[in-house]
Every structure is written in structure tokens, then in C-alpha cells.
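What follows is a set of notes on a single structure, which appears directly below.
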Amino acid sequence: MSEHIIIERRGAIQIIRMNRPDKKNAITRKMYAEMAGALAAGDADPAVRVHVFFGVPGAFSSGNDLADFMAVAMGGEGGTEVWDFLLALATAQKPVVSGVDGIAVGIGTTINLHCDLTFATPRTLFRTPFVDLGLVPEAGSSLLAPAVLGRQNAFALLGLGEGFSAERAKDAGLIYAVVEEDKLEADTLAAAAAIAAKPPEALKIARDLMRGSREDVVARIKEEGAHFQERLKSNEAKTAFVAFMERKKAG
């Protein structure tokens, strides 16, 4: 693994930590590939009973790495690492828990729709500016968010691009609990340890029953992906990205 993805085992817990603080955990294609590989390896290892995602203090993830993102958009490359990760996440055989602090933009938000438990700090802000960039929701969020949050909250998050505070996210059902920054990792790992201590076969059946078939989620990820690729080439997206880059330079 690279310095930007740190994989750690604590007993039956596999920790996948995004570690690119200088870029607020903007995720590169290599990072996506490494996280997909970690999920697959953990699922295949009987000693692993739960996956945990962490970021760094103040940044769970600011979304996709812009340089990688623009290379895919302009070069016509498929960016298969992203889809490999999304499919691995959507079909993970072991429970998935996340501890979120600070910035959670785009995939930094939608990853949590696949988690069985998410803890977040009071300073966390969840935001998905897909439409503002001339794009569409990803990670199966167009299917999962209405089911989890209700249609109108989902539209506020994915359509209007409103930011959800940790408290609003908890009230809407996006996350499980709001905890203080200095307790985030301890509380998240305590929950993961409690999950890992459950009878694994019974837990798997219970989780599968609650989650239902993954076929619809996988199909939606692929459908979103097709629209996403098309939108990257659209005039709306190009205009939005030029405006974004100008604001970034000015800021």
C-alpha cells in the first residue's frame, strides 16, 4: 500500500485509513485501487470480521483528486479504479463502519451510504456538489439516499447540493451517532469490536436480510457511471469546471 492508504489490522478489525492530509484526502485512482484491494482481501480473510474507514483530522475526504479526475475527463480514460472500488464497497461481505471528521465531499459523503454504522464529529459537513459541476450522483447514491433519507432529504443533498451538518445527517438517518473529535476513533473502533465479537454466520445472515439484494445497487452504480462519463463531456460540465478552477485560483 502507498503512504496515502494505510491498512492496519487490530484483531478482527481491518482499518482502511485515507492519509493524504495535504490534499484533504482527495482520492486518486491509485488510492481507489488500493482501497478496493483491501476490501477484497479483508472479505477473503476469515480473520477479518469488519472493515473500518477513517480519514485524517479535519478531512474524511474532499472527493476525487482533481488532476486524476481531469485526466479521465479529458483523456477519455475509463477510470476503472473508481468503479472497482464502488463495486467492492457495494458488495462487501463483512460489515463496514466509518469514522468521519471534518470535510466529507462527494464520495466522502456517499461512501457512508454503504456503511452499516457511521460516526461523525460535530464539525463534519456532508456535501455532494455533483449537479453544481454538471454531473450526476455516484456510488449508487441516487438509489440509496432516497431509501435511507427519504426523497426530499435526498434531493436536498444530491440535487440542491445542500450541506448536511452532522446533527442533520443523524436526524436524516445518514449517520448513526455524533461524537466529539477526541472520541471519534475510540467510539468507532469500540463499535467495530462489538460487531467483530458477534457470531459471524448469524450476523452475516442478519446483515444480508437488512441490506437486501445488492444487484439493484450494482446496476444503479453502473447506470450512474454511464451518465457520469457522458456528463463529463458536456458543455455544462466543462463550463462548471472552468468556473470552479477560476474560483480555486482566486481563492
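The conditions of being within 26 Å of E185 (Cβ to Cβ), open to solvent by 10 Å² or more (accessible area, probe 1.4 Å) and modelled with pLDDT of 95 or more are met by L144. Of the residues S142, S165, S98, the single one that is among the hydroxyl-bearing types (S, T, Y), in contact (Cβ under 8 Å) with a residue 24 or more places away in the chain and touching a Cys at 6+ places or on another chain (Cβ under 8 Å) is S98.
Go through the residues of region 208-221 one by one and say whether even a single one is among the charged types (D, E, K, R), without any contact (Cβ under 8 Å) to a residue 60 or more places away in the chain and either in contact with a Leu (Cβ under 8 Å, 6 or more places away or on another chain) or not in a helix (DSSP H, G or I) (or both). No. The set of residues from region 178-202 being open to solvent by 50 Å² or more (accessible area, probe 1.4 Å), in a helix (DSSP H, G or I) and within 23 Å of A90 (Cβ to Cβ) comprises P200, E201, A202. In region 28-61, what residues are aliphatic (A, V, I, L, M), closer than 30 Å to I205 by Cβ and open to solvent by less than 40 Å² (accessible area, probe 1.4 Å)? Answer for region 28-61, where residues must be aliphatic (A, V, I, L, M), closer than 30 Å to I205 by Cβ and open to solvent by less than 40 Å² (accessible area, probe 1.4 Å): M35, A36, A38, L39, V48, V50, V52. One residue is enough: does region 208-226 have a residue meeting the conditions crowded, with 18+ Cβ neighbours inside 10 Å and in contact with a strand residue (DSSP E or B) (Cβ under 7 Å, 6 or more places away or on another chain)? No: region 208-226 contains no residue that is crowded, with 18+ Cβ neighbours inside 10 Å and in contact with a strand residue (DSSP E or B) (Cβ under 7 Å, 6 or more places away or on another chain). Summed over region 9-23, the residues that are open to solvent by 60 Å² or more (accessible area, probe 1.4 Å) and farther than 9 Å from G55 by Cα give a count of 5. The set of residues from region 20-58 being closer than 22 Å to G79 by Cβ, of a type in the set (G, A, S) and touching a strand residue (DSSP E or B) at 6+ places or on another chain (Cβ under 6 Å) comprises A38, G55. Candidates are the residues of region 167-177 that are assigned to a helix (DSSP H, G or I) and touching a Phe, Trp or Tyr at 6+ places or on another chain (Cβ under 8 Å); the one that is farthest from V100 (Cα to Cα) is A172. Would region 123-146 turn up any residue that is under 16 Å from F54 (Cα atoms), more than 15 Å from the chain's Cα centre (by Cα) and in a loop (DSSP other than H, G, I, E, B)? Checked region 123-146: at least one residue is under 16 Å from F54 (Cα atoms), more than 15 Å from the chain's Cα centre (by Cα) and in a loop (DSSP other than H, G, I, E, B).
Taken over region 83-135, the residue count meeting the criterion of being in contact with an Asp or Glu (Cβ under 6 Å, 6 or more places away or on another chain), modelled with pLDDT of 95 or more and surrounded by fewer than 20 Cβ atoms within 10 Å (Cβ to Cβ) is 1. Figure legend. Inter-residue proximity from region 36-56: first residues over 25 Å from P21 (Cα atoms), second residues of a type outside the set (G, A, S) and open to solvent by 40 Å² or more (accessible area, probe 1.4 Å), beta-carbon distance below 7 Å, spacing 6+ or different chains. Indicated pairs: D43/Q93; R49/P200. Of all residues in region 147-176, those that are among the hydrophobic types (A, V, I, L, M, F, W, C) and open to solvent by 20 Å² or more (accessible area, probe 1.4 Å) total 4. For region 147-166, a residue qualifies if it is assigned to a loop (DSSP other than H, G, I, E, B) and over 18 Å from the mean Cα position of the chain (by Cα), and the qualifying residues are G150, L160. Take the residues in region 103-119 that are touching a Phe, Trp or Tyr at 6+ places or on another chain (Cβ under 8 Å) and part of a loop (DSSP other than H, G, I, E, B), then tell me which one is nearest to N153 (Cα to Cα). Ranking the qualifying residues of region 103-119, first place goes to G106.
The values are calculated or read from the model by the stated rules, or taken from the named source; none is laboratory data. Since this is a predicted model, take the numbers as computed values, not measurements. Every residue, glycine among them, receives a Cβ derived from its backbone with ideal geometry; neighbour counts consider all protein chains shown. Quick note on the areas: whole protein, heavy atoms, side chains included, nothing else; ligands and nucleic acids left out. Shrake-Rupley method; radii C 1.70, N 1.55, O 1.52, S 1.80 Å.
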